[in-house]
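Student: Quick one: the structure is below, questions incoming.
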Amino acid sequence: MHIPVLQDEVIEYLAPKPNQNFIDATFGSGGHTMLLLEKTAPKGKVLALDLDADALLRISIKAKQAKVQARLQMIEENFSNILRATQERKFKPVHGILLDLGLSSDQLENSGRGFTFQKSEPLDMRYSKKNPTTAEKIVNFWSKRDLEYILKEYGEEEFSKEIAEAIIQARITKEITKTNQLVDIVLKATPKWQGKKKIHPATKTFQALRMAVNQELENLKIALLKSVELLEDQGTLVVISFHSLEDKIVKNFFKDNPQLLVLTKKPVVAQDKEIEQNPRSRSAKLRAARKTI
Ligand SMILES: C[S@@+](CC[C@H](N)C(=O)[O-])C[C@H]1O[C@@H](n2cnc3c(N)ncnc32)[C@H](O)[C@@H]1O
């Protein structure tokens, strides 16, 4: 089960009050959405977006159990389309928006889409099945230069060159279709001492591929811009990121946008107790800003 990260901090910054409206742009397993619905009762609404159709099913079951369907609208949508999707539904005013980036534990562990290197699964890695690009297509068809670029940029992988070369060599003899094949390629391409590190040698390769498949940085940049447009005066934008490049994009966007007042001078991180209960929260960084014009 996915445990929502930084729950108290999300509520502190979004400060939901009864009858206000919020957008959860990444509803995942619905943890933050449910909290927002609780705090905005009796008449506040939540518009919840996610690219993953499977997430819709999970959250609709939760909403039914909590009897909050009337105040929740769920849509299968990319958050880069947040402005159009919200306006089409005449959802306003918008008091706050949450973006909790990356993937959920449910996707990692149960989707069967190759997000994890701990199981043998097809190399898919798409949040949305409508996305024409899969991880399999990237590893089998992209050039060495492009592979090296994403491994270095998105994965911050020290051995990007070696891994890209190993992928090119491996695919000459056999198509790479499964996560375990890719893990073997990475293990052979990297020094043995990498295996003794805390993180698995394939972690960064998998992260880079996931980010490339889903165009995560590009979508984030668009969503930030559109979110500011949607917010009411004094509305709040909260972003939780798990990757240094994402956090940098959010930090600079907040700093450079004249309509925003930055509420978090430094990123807010999880307390030791939360990290103990939910190790995923270890790399979470929350930034918040208020619209002032
Ligand atoms: C970390 S999870 C969110 C968890 C959620 N806050 C909760 O409490 O359960 C991130 C979610 O964002 C979704 N996602 C990633 N990129 C997206 C995008 N561009 N548009 C919409 N949803 C996206 C993923 O499918 C995933 O379900």
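The values are calculated or read from the model by the stated rules, or taken from the named source; none is laboratory data. Owing to the predicted nature of the structure, the values given are computational and were not obtained by experimental measurement. Don't worry about glycine lacking a Cβ; one is built from the backbone with ideal geometry, like all the others, and counts go over all protein chains shown.
Student: Please determine, by comparing only the residues of the range 28-39 that are more than 8 Å from the ligand (Cβ to nearest atom) and not hydrophobic (A, V, I, L, M, F, W, C), which one is nearest to Pro16 (Cα to Cα).
Tutor: It comes out as Lys39.
Student: Go through the range 1-27 and count every residue that is modelled with pLDDT of 95 or more, near the ligand (Cβ under 7 Å from one of its atoms) and within 23 Å of Lys273 (Cβ to Cβ).
Tutor: Matching residues across the range 1-27 total 1.
Conditions (1) without any contact (Cβ under 8 Å) to a residue 60 or more places away in the chain; (2) away from the ligand (no atom under 12 Å from the Cβ), marked per residue:
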position	(1), (2)
Ala41	yes, yes
Ala55	yes, no
Ile59	yes, no
Gln65	yes, yes
Asn78	no, no
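Student: With the checklist (1) within 12 Å of Arg210 (Cβ to Cβ); (2) at pLDDT below 95 in hand, flag the one item Glu109 doesn't pass.
Tutor: Failed condition: (1).
Student: Can you name every residue in the range 201-257 that is of a type in the set (Asp, Glu) and either within 16 Å of the ligand (Cβ to nearest atom) or touching a residue at least 40 places away in the same chain (Cβ under 8 Å) (or both)?
Tutor: The answer is Glu216, Glu218, Glu229, Glu232, Asp233, Glu246, Asp247.
Student: Residue check, Lys90 against (1) more than 16 Å from the ligand (Cβ to nearest atom); (2) within 27 Å of Glu38 (Cβ to Cβ); (3) surrounded by 22 or more Cβ atoms within 10 Å (Cβ to Cβ); (4) of a type outside the set (Phe, Trp, Tyr), all met but one. Which one?
Tutor: (3)
Student: Which number in (1) at pLDDT 95 or above; (2) surrounded by fewer than 20 Cβ atoms within 10 Å (Cβ to Cβ) marks the one condition that Leu101 misses?
Tutor: That leaves (2) as the condition not met.
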